[in-house]
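For reference, the structure discussed in these notes is given below.
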Amino acid sequence: MIFDVKQTLHDKKLGPGSKPISIKQEVDAITRGPSRNSFRNQKASVNNHTKGRECYFCGGSYSTNHACPAKGKMCTQCKKPNHFARVCRSKKNVNTIDEETESFREAVDDQETIFLYAIDKGSGKDEALVPLTLNNQLSVNFKIDTGAQANVIPKNIFDKLDTKPNLQSTKQRLTSYCGARIPVIGTCDLTCSHKHIDLNLIKLVLNVNVEQTSIDEKYKSLFEGIGRLEGECNIHLKDGSIPTVYLARRVPEALKDKLQDELNRMERDRIIEKVTKPTEWVNSMVMIEKKNRTVRLCIDPVDFNKCIKRPYYPIPTLEDVTAKLHGAKVFSKMDARSGYWSLVLSATASEMTTFSTIYRRYRFLRMPFGLLSAQDEFQRRMEEAFEGLEGVAIIIDDILVYGANQEEHDERLQAVMERALEKGIKFNKDKCSFSASSVCYFGHVIGADGMKPDPEKPRAIEEMPRPQSREELLTLLGMLNYLAKYIPDLSTRNKSLRDILKCEPFSWSPENDQTQVELKQSIVSDISFFNYKSLNVELEVDASSHGLGANLCSDGEVVAYASRALSKTEQKYSQLEKELYAIVYGCKHFHHYLYGRHVNVITDHRPLETIVRNPIHKAPPRVQRLMLQLQPYDLHLQFQPGSEIPITDALSRLHLPDIDEKLATEIDVYVHQISRHLPKIFPASPNAL
């Protein structure tokens, strides 16, 4: 796709009955310069108009009673009305293409925003399309658009060049005719030729997909608001279930206004409504202050979930999805926005979600977050919504569209978008990816070459730092012994490391670095794929004084490792809070693997077994926040001594230097919340308390 140099080519529309101008004639016109006489002579030789008076406003030749097509139109050259650019008297003569290119380059460099009047997929009908050769390598059909102010090509065309010129950064911004911002990744100079005629036109290379822009404009409503799927959802209770009623929890005075505002917003969006009549169920409300100082409201479903009958619905596995992807080369991924809130509850189910506040009782009209039946209901309803469409895979709120080529993919993507409009589904634009050669889907990278594990999975092992003490070396050796089945001839290969234990003081040599790298690579290269059909999924977690470690296993096989450092604030947590934090970290890190499954969590901290069985509202504030983040997961806590989980123990002690700022902020926001509302006699800084 090309957007021509302004003032160099004719407007696309000629006079009535005119014939298309050849590329040679266009180039000749550029070379001679767009003087009015040259246009007048060229029009006389190209167009077969009947003899008549030549119009000075449009350049055509008509009879005296013919209406001028330029009347009411705006000149793209001088921005004055009632004439076309090809006969504009304000033009400057141009001698050669090279001179025009240089002047254009200077003009563009001085311009902050460049406007493009069309970025769409050309149909080839009623459009000026020209086959050009880029750098004598690639032949591409370009669209001529004389109204554009820059020459551009999509990044996927640029990537097809065998020899690519260097891209230079630019501050220019591209804006389409409708005001949409188009991302620019850089500028370059390309040789464009047509039948051995040099044009030197290409200027900007865009990281923009043709379909992406059209989707953003055509389906703008799909990325706004909260969805609403057809039909209602019921909640079925186990026989003999005893309803529970909780009184409203007290709220600090400083947060009452925020609570009222959030309740009003949710009521206005028809997520909740007031309750005045008696109800058997009254759940506790939990309020969490977010980073932007707004609050999030949810219910504490611990007791309620124990009474819910789970409507088990088969959730597709990645193996089920990849079996359908044979021959697929183009992919798109969409994320359903506020997924559960798109499910409308029946009147009976809605009453069961009643919760108490300091003002009054409310009930959820949409499916609340954390209910045991939510994931199964949502999966079923999403599959029903897109039933019958080809090239579509759905796992919870992630939708994958694929095709063997661009045309097939585009047809399927459009069908999905139309169905989403029909069924009331909304998408999270920030988490969508359109028309890509590969996408990250449920923890794996899916592309034309098949499915690959996320490259971040083995990073905790690959980047494990070198031991700095005898104790850290013992930790490393313990992990290697536990993973001996992945390391051929381990006893011989780790001898140099074991010999260090015999030396005093502790000494680590460059040869030991090489040995450690080789042993870690042996582990990483044999990491297994996650078995989604396995009934035995385990998450081993551990926390040291300065780090967290997590290890995911499926059928006893190592799947992935994760570790991270604790910030200075987190290092001050109690050991119980650190161990619980390790579970939250493991669940968040391996969310795509664990969500919707029964998971055995292995920990070496026995007190956690008691803590997680108690009601959330009885826990200390920080523990309460951590436990709330675990509510979406089906977890069973199991104690094992640290000696039986050496991998996780090693990961927590020899952790990566990373600190999860987002997760840390979510946990510690309660501390900042208190500090903002402290009386003046207390210090404002949490560190000063």
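Only residues that are of a type in the set (Val, Ile, Thr), in contact with a Phe, Trp or Tyr (Cβ under 8 Å, 6 or more places away or on another chain) and assigned to a strand (DSSP E or B) were counted across the range 291-322, and they come to 1. All told, Leu389 meets the bar of being among the hydrophobic types (A, V, I, L, M, F, W, C), modelled with pLDDT of 90 or more and over 21 Å from the mean Cα position of the chain (by Cα). Among all residues of the range 382-389, there is at least one that is farther than 30 Å from Arg268 by Cα and touching a residue at least 24 places away in the same chain (Cβ under 8 Å). Out of curiosity, is Thr603 modelled with pLDDT of 55 or more and loosely packed, with under 13 Cβ neighbours inside 10 Å? In short, no. For Lys218, which of the numbered conditions (1) modelled with pLDDT of 70 or more; (2) in contact with a strand residue (DSSP E or B) (Cβ under 9 Å, 6 or more places away or on another chain); (3) within 30 Å of Arg419 (Cα to Cα) fails to hold? Evaluating Lys218 over (1) modelled with pLDDT of 70 or more; (2) in contact with a strand residue (DSSP E or B) (Cβ under 9 Å, 6 or more places away or on another chain); (3) within 30 Å of Arg419 (Cα to Cα) leaves (2) as the failure.
Residue count for the range 347-403, restricted to those that are surrounded by fewer than 19 Cβ atoms within 10 Å (Cβ to Cβ), of a type in the set (Ser, Thr, Tyr) and outside any loop (DSSP other than H, G, I, E, B): 1. State which residue is surrounded by the most Cβ atoms within 10 Å (Cβ to Cβ) when the search covers only the range 331-346 and only residues that are within 30 Å of Gln414 (Cα to Cα) and of a type in the set (S, T, N, Q). Result: Ser332. Looking at the range 176-212, which of the residues that are within 23 Å of the chain's Cα centre (by Cα), at pLDDT 65 or above and not in a loop (DSSP other than H, G, I, E, B) is farthest from Ser437 (Cα to Cα)? By that ranking, first place goes to Arg181. Applying the criterion of being among the hydrophobic types (A, V, I, L, M, F, W, C) and surrounded by 19 or more Cβ atoms within 10 Å (Cβ to Cβ) to the residues of the range 613-627, the residue that is farthest from Asp542 (Cα to Cα) is Ile616. Scanning the range 257-272 finds one or more residues that are in contact (Cβ under 8 Å) with a residue 40 or more places away in the chain, of a type in the set (Asp, Glu), within 19 Å of Ser350 (Cα to Cα) and touching a helix residue (DSSP H, G or I) at 6+ places or on another chain (Cβ under 9 Å). A Cβ distance below 6 Å, combined with a sequence gap of six or more or placement on separate chains, defines the contacts here; from the range 315-344, residues that are free of Cβ contacts under 8 Å to residues at least 40 places away in the same chain reach residues that are part of a helix (DSSP H, G or I) and of a type in the set (A, V, I, L, M) in the pairs Tyr340/Ala374.
For the range 216-260, the candidate set comprises residues that are of a type in the set (A, V, I, L, M, F, W, C) and assigned to a helix (DSSP H, G or I); within that set, the residue that is farthest from the chain's Cα centre (by Cα) is Ala254. Return the residue satisfying two criteria in turn: it lies in the range 530-560 and is among the hydroxyl-bearing types (Ser, Thr, Tyr) and outside any strand (DSSP E or B), and of such residues it is modelled with the lowest pLDDT. Result: Tyr532. Can you find a residue that is in the same structural domain as Lys429 (by TED's automatic domain parsing), closer than 22 Å to Phe427 by Cβ and at pLDDT below 90 anywhere in the range 293-300? Yes: the range 293-300 contains one or more residues that are in the same structural domain as Lys429 (by TED's automatic domain parsing), closer than 22 Å to Phe427 by Cβ and at pLDDT below 90.
Could you check how many residues of the range 564-595 are part of a loop (DSSP other than H, G, I, E, B) and of a type in the set (Lys, Arg)?
Going through the range 564-595 one residue at a time, the tally reaches 1.
Give me a count of the residues in the range 221-239 that are out of contact with any strand residue (DSSP E or B) (no Cβ under 9 Å at 6 or more places or on another chain) and modelled with pLDDT under 90.
At the first step, the residues of the range 221-239 found to be out of contact with any strand residue (DSSP E or B) (no Cβ under 9 Å at 6 or more places or on another chain) are 221, 224-225, 239.
Going one step further and asking which of them are modelled with pLDDT under 90, we end up with 221, 224-225.
So the count comes out to 3.
Taking the range 372-389 as the range and being aliphatic (A, V, I, L, M) and farther than 15 Å from Leu400 by Cα as the test, the residues that pass are Leu372, Ala374.
What's the total number of residues in the range 609-627 that are in contact with a strand residue (DSSP E or B) (Cβ under 6 Å, 6 or more places away or on another chain) and either assigned by TED's automatic domain parsing to the domain that holds Met285 or in a helix (DSSP H, G or I) (or both)?
Total meeting the criteria: 3.
Is the range 246-260 home to any residue that is over 22 Å from Ala619 (Cβ atoms), exposed (fewer than 13 other Cβ atoms within 10 Å of the Cβ), at pLDDT 85 or above and not charged (D, E, K, R)? No. If the condition is being hydroxyl-bearing (Ser, Thr, Tyr), assigned to a loop (DSSP other than H, G, I, E, B) and at pLDDT below 90, then the range 272-290 contributes no residue at all.
The values are calculated or read from the model by the stated rules, or taken from the named source; none is laboratory data. Fair warning: this is a prediction, and the values are worked out from it, not measured in the lab. So basically every Cβ, Gly included, is an ideal-geometry build from the backbone, and we count neighbours across all protein chains shown.
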